Amino acid sequence: MAAINGGELLVKCLLNEGVTRVFGIPGGQLTTFIDAIVRVGRPGGLEWVLVRHEASAANMADAWMRVTGDLAVCTGTIGPGASNMVAGMEVANSDNIPVLAITPQIHSNRSYPFKGSQQQLDQLTLYSAVTKWNALVNRWDRIPEMVSMAVREAFSGKPGPVHLDIPVDVLFETHDESEAVIVPPARARGGGRPNGDPALVEKAAEMLAGAERPIIHAGAGVFRSEATDELKALAEYLYCPVVPTAHARGVVSEGDPLGLTPVGAGALGAMMQADAVLAVGCTFSELDFWGKPPFWAPPDVQKVIQVDIDGSRIALNREVDVGIVGDAKAVLGQLLEALSSGLASARDSREFTAAIQAAEQGAADGIEALASSDQVPIHPLRLVAEARDFFGEDAILSLDGGNIGLWSAMVSRVYRPRSFLWPGGSGHLGTGLPFAIGAKLAAPDRPVYILHGDGAFMFSVMELESAVRLDTPVIDIVGNDRSFGMIKGAQDFAFEKRYCGVDFTDVRLDRIAEAMGCFGVRVEEPGDIKPALDKAVASGKPAVLDVVLDCSANLIPPTLQLICSVWLSGCEGIAMPF
């Protein structure tokens, strides 16, 4: 066999794992790796995707995983490149997204401990805080072993991002290829899905069969387990509402009679009134109000069954009546089998479910009236509703942090799994555009659009050039209120309008887009939103709609006002989401 360097060996290991995309920015220490992608990777289906900031590399790899279910890699140069990428890895870590970060390191004879090299950085310690697992690759012949171990760790149990730190001399070191042992994935890790304990599954099924007001509270773990079909089948068998977490929109279509929107009137009613809750792939986090009153009923009147692949997450925030450690897809299948084996007959109606559906529809009707507002400046609900109606059921929505997300929760709809991208665990600003680019690369035939504010837009505006260069015609809809609206809203609500550090000058975001080769248009009248969307799509380019919002209307979305009120009242377990 021929001699190969560490960079080429790394590429061959990634190909062995089925990786097809590496997102990143080049650096001198990465040259053997990047050259090997060109020579060896491309013929095998592995492509390098150049970005403009390393955090965006992690965001795009994250979005690729969310849309396809396949692992992607992000990378950047040593020191500043690696530290830039941490922000994107923190997003993936907060949402348990498998992403492989690869960072080069100073020569091994000058690192760990360091001796004063330029750009030296303890990347192992840095990344340990934003990954599930990370390691140093200290020998050429350990590259295959460590790549295999990283992928295994990324997907085993509760998934998450992983990191490999590789000294530059290891990437440049050359040996005969026969000295490397690359093991096929099927021979390097276990398979199958762990079932739940049969006795506990039976007990949970009996509890669901006897409940008058059951609901399913579904988290993003259902996506990671590819369990959406099993979830829908169980919900239909019980004819019970599905309340998704804010991370899990689309787990059941929000056009389905049983599918609710997070924190909508139907969801809140279901959470408060249910006598039995099946929580799957979620931990009752802050965005679920910790599973505590007043948004949930007390434990003495509301039974909770919790299913999670990670036993340490069960009863983390809410005490449970039945805790089942197991894979969501497997356990949901077990529950359906137990119910259909004589415990309960399939139902096609339920009085409680009908009441929840009526509450959801009644609230939606009221919201639609406001979403039809012709006021100028434009009301944020009108903007979100116009985008929802324009893009339809096949679209992928990339949502950034900030108030636009709260308005979106009121009127936007997600109809398919893997169609909603949002940094829910971190609330990170700036993910909207790189998420959308990653999604468009992953699903080029589907429309992809972004909803975010001007504050979030400017965090990653440089990636508009990436969108043009990569031929990813995403539609970036910016609700421009010339401020950090959520923080300004909090100051307005809690501190008697004492504003500090939240207001911007009016920047023509559409002209920035045009300067980068995109289609750009400023929209100031509500009737001009749809024509602008038509022109944006017709341009065939990445596009930015700079939509001038009513600043005062955007300050306090009703959902934020509700949370602020509860927080200020001192209710136990409720915290502000910012």
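No lab work stands behind these numbers, since they all come straight from the coordinates. Not measured: the values here are computed from a predicted model. Note: ideal-geometry Cβ built from the backbone for every residue, glycine included; neighbour counts use all protein chains shown.
Listing for the model above:
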read-out	value
Simple spin-label estimate for SER128 and ALA494 in nanometres, 7 Å along Cα-Cβ	3.3 nm
Theoretical FRET efficiency, 1/(1+(r/R0)^6), r = Cβ-Cβ of ALA3 and ASP310, R0 41 Å, to 0.05	0.40
Ranked list, fewest to most other Cβ atoms within 10 Å of each Cβ, for TYR112, TYR415, TYR449, TYR499	TYR499, TYR112, TYR415, TYR449
Euclidean distance of C-alpha centroids, the stretch 289-366 and the stretch 94-170, integer Å	39 Å
³J(HN,Hα), Karplus 6.51/-1.76/1.60, whole Hz, each residue of the stretch 27-41, x for Gly, Pro	x, x, 6, 9, 4, 5, 5, 5, 4, 5, 4, 5, 7, 10, x
Ranked list, fewest to most other Cβ atoms within 10 Å of each Cβ, for THR32, THR505, THR174, THR103	THR505, THR174, THR32, THR103
Ordering of 52-65, 220-233 by packing [mean C-beta count within 10 Å, highest first]	52-65, 220-233
Low-density loop cleavage sites - GluC sites (Glu not before Pro) in the stretch 333-416, where at most 15 other Cβ are within 10 Å (DSSP)	GLU393
FRET efficiency for ALA199 and ASP256, using Cβ-Cβ distance with R0 set to 41 Å, rounded to 0.05	0.80
Charge context of LYS530, other residues only, Cβ under 12 angstrom, K/R +1, D/E -1	-2
The chain - share of DSSP beta bridges that are antiparallel (%, nearest 5)	5 percent
Mean-position separation - Cα centroids, the stretch 510-548 and the stretch 197-275, in angstrom	39 Å
Cβ-based net charge around ALA246, under 12 Å, with every Lys or Arg adding one and every Asp or Glu removing one	-2
Cα-centre dipole for the stretch 136-211 with unit charges at Cβ (Lys and Arg positive, Asp and Glu negative), debye to 20	440 debye
The stretch 1-27 versus the stretch 394-446: alpha-carbon centroid distance in Å	30 Å
Signed unit charges on C-beta, dipole axis of the chain, positive-most listed residue VAL468, ILE215, ALA359	VAL468
Order of LYS535, LYS440, LYS292 - criterion: other Cβ atoms within 10 Å of each residue's Cβ, fewest first	LYS535, LYS292, LYS440
Modelled label reach - CYS551, point 7 Å along Cα→Cβ, the stretch 451-488 residues with backbone N closer than 17 Å	453-456, 479-488
